[in-house]
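The values are calculated or read from the model by the stated rules, or taken from the named source; none is laboratory data. As the structure is a prediction and not an experimental result, all values here were calculated from the model. FYI the Cβ positions are ideal-geometry reconstructions off the backbone, even for glycines, and counts take in every protein chain you see. Keep in mind that these areas ignore ligands, DNA and RNA; they rest on the heavy atoms of the full protein, side chains included. Shrake-Rupley method; radii C 1.70, N 1.55, O 1.52, S 1.80 Å.
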Amino acid sequence: MTATYIETVGDGSATESKVLVASQWQLMWWRFRKHKLAMAGTFVVAFFYLVVIFADFLAYSDPNASEAYQALLPPQPIHFFDDGVFAPHVLGMTGKRDPQTFKRVYAPDPEKKVPLRLFAEGYSYKFLGLIPTNRHLIGPVGALAEDTIFLFGTDMQGRDIWSRLMIGTRTSLTIGLAGVTLSLLLGILLGGISGFYGGWIDNLIQRSIEVLKSIPTIPLWMGLAAAMPRDWTVVQVYLAITVIISLLGWTELARVVRGRFLALREEDFVMAAELAGCSRARIIARHMLPAFMSHIIAAVTLAFPAMIISETSLSFLGLGMRPPAVSWGVLLQQAQNVQAIAISPWLLIPAIPVIVIILAFNFMGDGMRDAADPYG
Amino acid sequence: MVSYLVRRLFMAIVTMVAISVLSFAIIQLPPGDYITTYIAQLAADGTSLSDAEVLALREQYGLDQSFLVQYLRWIASVLHGDFGMSMEWRRPVSELIGERLWLTMAVAVAAILLTWALALPIGIYSAVRRYSVADYAFTIVGFIGLAVPNFLLALALMYFGYKFFGINIGGLFSPAYVDAPWSLARVWDLIKHLPLPAIVLGTAGTAEMIRVMRANLLDELHRPYVKTARARGLDERRVILKYPVRVALNPFVSILAYLFPYIVSGSIIVSLVLGLPTVGPLLLRALLAQDMFLAGAIVLLLGIMTVIGTFLSDMLLLWIDPRIRLEGRS
């Protein structure tokens, strides 16, 4: 930040003096920017959280509206031109029952064109949770009941996978965010106490972390999740899942915080602050926290994937989020057996965002970890 | 070394106690208890119990006692090998778990062995031939291996197996051996079926281990002792394998202590997808049916198995690293 105000003379010394006066965060940003994969990861993460914010707008049909006669419909690709004229549309599907297997077989019907438009009218929702509207990014022109589109096909109950994926993204990624936040609070508190005070309390916390880490987590999560009463509301289940996954997720963050505390406690500037008569709270908040903030941010980023995998796994098993709530795990539940996937491979589409976001968070966190100590 | 051993043993026991408390808490968590379930079952059959009878039953099962007393009773019977009765199956829990527990361990150990067998040579290769095409390829594959949750990997492998080879992969035995008594042929059949679940479970760990091995070995390769060995005319293979690899092996073994619980816990969910006869499917079913004695026993046994595995890996570290072995002697 300061660097931009410095007028430098001559090219050779320009970069050097910029580096010398640049703030810590400026240096970190420069180093982070060099890590191409980390930058790409950051954009992907930002993109996913935009989906979280605008999920309702991006969906075009009610995620829980089901049409039994349209079950397991394959994805309908968008055709942009009609006889050389720009007229985006999808081809309607006609379903027939196979006389031998009694399965519904669908074929695109070139006669049945469903025209699409931007900002089409669809089901009503509140934009950003505030403004009531029924406009969606895309949708069939003039919302007739028989004009439906299924860009990613439909599931066994005939629900639109695209729309469910948008809403599911919101659930899964906000659970991840909430879980990380809770873990972070626990991690900073316990790791901070452990690193700052040392002694028996440090020993106690460290040994507890070791015990927690040597317990296989999934059976434990399953046990805790299964204990949730069946009649809980979606919100209650959501909160409970968040608590359950962060209950075991804080250990790594606590370890990082403690490590930084131990390293900084011996630094000269901490001693100087102590001699100058600063209170403990001030030393921690004003002198130590800024010095290891970047490390914490990196550790937090790297904690996201585990949170997302946990929620997805639990919901996949039927112990996490439950219908009518929609999350990535709930969507993947439909893809639990080979027969289902072999017949309708599009049920596996929700696996793609799971993998992409985990990769993105890993790259982003890797870059942050490298940049966290810009003086090194 | 003795003090290290004692400390490790003590930690293992503390962990086991913690796991047993957690397992019992899981048994106790759902609203209602065994008697409530029993009454509901009787009511479904058309009989009902008087209040006095209910009270007598509660007393008989010790359900009117505090959490602590109930826990101590439970743990005492567990120590005698009695895990209680499964409400759903109406059979002793130990009978239900029996073979499945060993198969769970077989899958986990196979995954660990595979992780080592892959990560060790690949890690060494990636460090020695840094920035080569193969190094980049392994890095990319490793990242993807880390990013794909193993149940998704299992689903994907099953899909491709079905689509391109027309086979239904999964299970741990061929149909002929599923219910057969144990014999050498059955063991061989099991060994033939282990690689697939081992690959699915081992990918993430392998990716992690490769990165650890590569980083550690890179640190060692620039040390003067490596140069000395080379200058003395040792051939390259010996220079690398005899000294730096041995030093780099240390974190490789210590990471095992965290890898083991991770793999055991992953095996639960992968077993469900691949249809493996491990405790995984049994645990899920027990939890969904609130068959709590069965579920609690499975969580407890998995935890204890893990603690033993972790303890053994620490012993391995003790054997490999003289610094720990000789600690406190000088």
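General observations
- Chains B and A, summed buried accessible surface - 1.4 Å probe, Å², nearest 100: 3600
- Taking the Cα centre of region A:66-159 as origin and assigning +1 to Lys and Arg Cβ atoms and -1 to Asp and Glu Cβ atoms, the resulting dipole is close to 260 debye.
- Springs join every pair of Cα atoms under 10 Å in this Gaussian network model of chain B, and among B:Gly233, B:Gly296, B:Gly275 the largest mean-square fluctuation is at B:Gly233.
- Annotation for A:Glu266 and A:Thr133: the two label points, set 7 Å from Cα along the Cα-Cβ direction, are 5.8 nm apart.
- Among B:Ile240, B:Met158, B:Val253 the positive-end extreme of the charge dipole of region B:106-290 (Cβ point charges): B:Ile240
- Whole-Å distance, taken between Cα centres, linking region B:219-266 and region B:1-57: 46
- Coarse-grained scattering of region A:259-362 at q = 0.11, 0.19, 0.24 Å⁻¹, given as base-10 log I(q)/I(0) from a Debye sum over alpha-carbon atoms: -0.56, -0.91, -1.19
- Relative intensity of the protein assembly as shown on a log10 scale, I(q)/I(0) at q = 0.06, 0.11, 0.12 Å⁻¹, equals -0.44, -1.37, -1.53, per a Debye sum over C-alpha point scatterers of equal strength in the absence of solvent.
- Inter-site label distance for A:Leu20 and B:Val69 at 7 Å from Cα along Cβ, in nm: 7.8
- Separation of region B:94-109 from region B:284-312 is 11 Å, based on Cα centroids.
- Counting only the Cα atoms, chain A fills a convex hull of 214 Å³ per residue.
- Spatial separation of Cα centroids for region A:306-363 and region A:55-119, in angstrom: 23
- Pairs of Cα atoms nearer than 8 Å and 6+ residues apart set the relative contact order; for chain A it is 21 percent.
- GNM result for chain A, Cα springs below 10 Å: residue of A:Ala335, A:Ala226, A:Ala299 fluctuating most strongly: A:Ala226
- Straight-distance crosslink candidates among lysines, where the alpha carbon sits under 27 Å from A:Lys96 and sequence neighbours closer than 8 are dropped: A:Lys112, A:Lys113, B:Lys163
- Working note: 222 nm ellipticity from helices only, DSSP H runs with n ≥ 4, each -39,500 (n - 2.57), summed and divided by the residues of chain B, gives -25500 deg cm²/dmol to the nearest 500.
- Projecting the Cα atoms of B:Ala12, A:Gly249, A:Ala107 onto the charge dipole of the protein assembly as shown (Cβ charges, centred on the Cα centre) puts B:Ala12 farthest toward the positive pole.
- Note on B:Ala44/A:Arg104: beta-carbon distance plugged into 1/(1 + (r/R0)^6) with R0 of 35 Å gives a FRET efficiency of 0.40.
- Each semi-axis of the equivalent ellipsoid for region A:51-110 is √(5λ) with λ an eigenvalue of the Cα gyration tensor; in descending order they amount to 26, 21, 7 Å.
- Label-reachable residues, region A:56-97, where backbone N falls under 13 Å from a point 7 Å from A:Phe119's Cα toward its Cβ: none
- In degrees, nearest ten, helix A:24-34 long axis to first principal axis of chain A (Cα): 40
- With eigenvalues of the C-alpha gyration tensor scaled by 5 and rooted, chain B, Å: 46, 27, 15
- Amide H partners (placed H, <5 Å) of A:Gly139, local residues excluded: A:Arg117, A:Ala120
- Over all Cα atoms in region B:106-290, the spread is summed up by Rg and Dmax: 19.8, 69 Å.
- FRET E, pair B:Glu59, B:Glu99, Förster distance 25 Å, beta-carbon r, rounded to 0.05: 0.10
- Amide H to amide H, with H built 1.01 Å from N, A:Arg322 comes under 5 Å of no residue 5 or more places away or on another chain.
- Taking A:Leu347, A:Leu190, A:Leu289 in turn, the Gaussian network model of chain A (Cα-Cα springs below 10 Å) assigns the largest fluctuation to A:Leu289.
- Charge-dipole axis of region A:28-167 as Lys and Arg at +1 and Asp and Glu at -1 on Cβ define it, positive-most pick from A:Ala46, A:Ala59, A:Val85: A:Ala46
- A Cβ-based charge dipole, computed about the Cα centre of region A:230-376 with Lys and Arg at +1 and Asp and Glu at -1, lands at about 340 debye.
- Label-point gap, in nm, between B:Ala289 and B:Ser132 - each point 7 angstrom along Cα→Cβ: 5.5
- Shielding by partners - mean other protein chain Cβ count within 10 Å, residues of A:203-209: 1
- Under a model in which nothing but the beta-carbon of Lys, Arg (+1) and Asp, Glu (-1) is charged, the protein assembly as shown shows a dipole of about 2000 debye around its Cα centre.
- Label point of A:Tyr49 set 7 angstrom out along Cα-Cβ; within region A:334-374, amide nitrogens under 17 Å from it belong to A:357-369.
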